[in-house]
Amino acid sequence: MYDSAREQYAAFGVDTEAALERLARIPVSIHCWQGDDVGGFENPDGQLGSGLAVTGNYPGKARTPDELRADLEKALSLIPGSHRLNLHAIYLETDTKVERDAIETRHFQGWIDWCKSQGIGLDFNPSCFAHPKADSGLTLSSPDAGIRQFWIDHCKACRVIANDMGEQLGDKTVTNIWVPDGYKDTPADRVAPRQRLKDSLDEILAFDTPHNLDAVESKLFGIGSEAFVTGSHEFYMGYAIQKQILLCLDAGHFHPTEMISEKISSCLLYLPELLLHVSRGVRWDSDHVVTFNDELLAIAREIVANRFEDRVHIGLDFFDASINRVAAWTIGVRNTLRALLAGLLEPTDKVRAAELEGDYTTRLALMEEAKTYPIGAVWDEFCRRNDVPVGPAWLDVVRDYEATTLSKR
């Protein structure tokens, strides 16, 4: 089937071998928080809050770092390619309680060592939620100087830790700052919170971290911040351009008709690199498992058609406790890779040549024909070459893992 597909694509002007080689070099940063419903190990029985919510109670949630790493290993064994782990600060390992403004690299050494053993990179995030000092709904933009300083110090500590992670692994860590700050109802002053957020970020980013890449993430609204979010897209777009750091675009953080695939090319005219949180919003700001839908395909096409692989960092961000968590990871990452492959298998040069000539008939015809070319056979070949299950066979592995391991938790 692959040989036949390869010939068919070649006649279409597409080299499937070149596409597979490029796909193998694109890592996806896999978010740890799908495995335990954003619980973490700081206070796993605590309430999530701060505009975040996870629904469902599917059995088998990871309860310890070792269980979470075992689940991640199982997912990685079902996903082709070489990828990364995306870790939140609440996933520290410690025998005694450590406040978030006092965390150190040693509290994450187990994760660093695990990533080294797996041969994967590591990304990091401050956790500015699910904490008494976030109960007001304001952290880095809080009018309370003490609250604000606590979160500034937490983010500073995270940048130091991320720099150590990148240095130990020989691969730069991406550290993404997102805060839930905002108001449920119409604010009297929109400027002051944003000035405080800017001042806080300035202090956080005041020192160099050569093994770390900084990113900031916007949001349209959240639970409890429906009327106003301090860190809007416009705020962070301007800040990222000014500081020449990464802007994080989350697919679930915009209006339902506003697509991040449309923003990538514009942002990269002014920014050195981007971070994407590939997710799926349904009707409102939510994080559903990534499916092989039009927006995912458009995001992937923008990356590979413009050869942005080295400037766009792809991370996933969803959490669904209503289905098997290992399956959720597997479905999401495999779909993301499959979408990238779809973009790589388009006759990009032919389509762009037709566009430059004003031949929009050919442009539309070729783009539509590409949709039904045999991508499935090329994807299956990619899975075979990476020694992971082909087609839905991975689901049998997950079901066996559920029966032998997850069901006993």
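Observations on the structure shown:
- The local environment of Y58, defined by Cβ-Cβ distances under 12 Å, has a net charge of -1 under the rule Lys, Arg +1 and Asp, Glu -1.
- Between helix 233-243 and the chain there is an angle of about 90 degrees, using the helix long axis and the longest principal axis of the Cα atoms.
- Pair-distance profile P(r), taking every C-alpha pair of segment 1-142, with 5 angstrom steps and integer %: 2, 8, 16, 17, 15, 12, 9, 7, 5, 4, 3, 2, 0
- Those GluC sites (Glu not before Pro) in segment 326-378 that DSSP places in a loop and that have at most 12 other beta carbons within 10 Å: E357
- Pairs exceeding 19 Å between alpha-carbon atoms, taken from K156/K243; K184/K243; K172/K219; K97/K133; K184/K219; K116/K156: K184/K243; K172/K219; K116/K156.
- Segment 260-324: C-alpha pair distances exceeding 19 Å, %: 34 percent
- Alpha carbon centroid spacing (whole Å) that separates segment 177-250 from segment 326-398: 34 Å
- Computed lengthening from Y270 to D294, 0.36 nm per intervening residue step minus Cα-Cα distance: 6.0 nm
- Degrees, to the nearest 10: 294-305 long Cα axis against longest axis of the chain: 80 degrees
- Within the shell of other residues whose beta carbon sits under 12 angstrom from the beta carbon of L366, the net charge comes to -2, with Lys and Arg scored +1 and Asp and Glu -1.
- Annotation: peptides 129-137, 2-10, ranked by per-residue average of other Cβ atoms within 10 Å with the highest first, follow the order 129-137, 2-10.
- Calculated over segment 78-229: convex hull of Cα atoms, volume per residue (Å³): 126 Å³
- Annotation: average projected area of segment 284-380 is 7.9 square nanometres, based on the convex hull of Cα atoms across all directions.
- In the elastic network of the chain, a GNM with C-alpha springs shorter than 10 Å, the most mobile of K61, K198, K350 is K350.
- With both labels modelled 7 Å from their Cα along Cα-to-Cβ, the A11 to E93 distance reads 5.5 nm.
- The charge dipole of the chain, taken about its Cα centre with unit charges on the Cβ of Lys, Arg, Asp and Glu (plus for the first two, minus for the last two), comes to roughly 240 debye.
- Calculation over all alpha carbon pairs of segment 60-117 in 10 angstrom steps from 0 returns a P(r) of 19, 51, 25, 5 percent.
- When shorter helices are ignored and each DSSP H run of at least 4 residues is given -39500 (n - 2.57), the per-residue value for the chain at 222 nm works out to -13000 deg cm²/dmol.
- With protein chains left intact and a 1.4 Å probe, residues in the chain average 43 Å² of accessible area per residue.
- Residues within the reach of a label modelled at D185 (point 7 angstrom out along Cα to beta-carbon, backbone nitrogen below 19 Å), restricted to segment 106-141, are 136-138.
- Formal net charge of residues neighbouring A321 (Cβ-Cβ distance under 12 Å; K, R +1; D, E -1): -2
- Note: the chain, Cα convex hull, 141 Å³ per residue.
- Counting only DSSP beta bridges with both residues in segment 139-253, the antiparallel share comes to about 25 percent.
The values are calculated or read from the model by the stated rules, or taken from the named source; none is laboratory data. Only a predicted model underlies this, so the values are computations on that prediction, with no experimental measurement involved. Note: ideal-geometry Cβ built from the backbone for every residue, glycine included; neighbour counts use all protein chains shown. Keep in mind that these areas ignore ligands, DNA and RNA; they rest on the heavy atoms of the full protein, side chains included. Shrake-Rupley method; radii C 1.70, N 1.55, O 1.52, S 1.80 Å.
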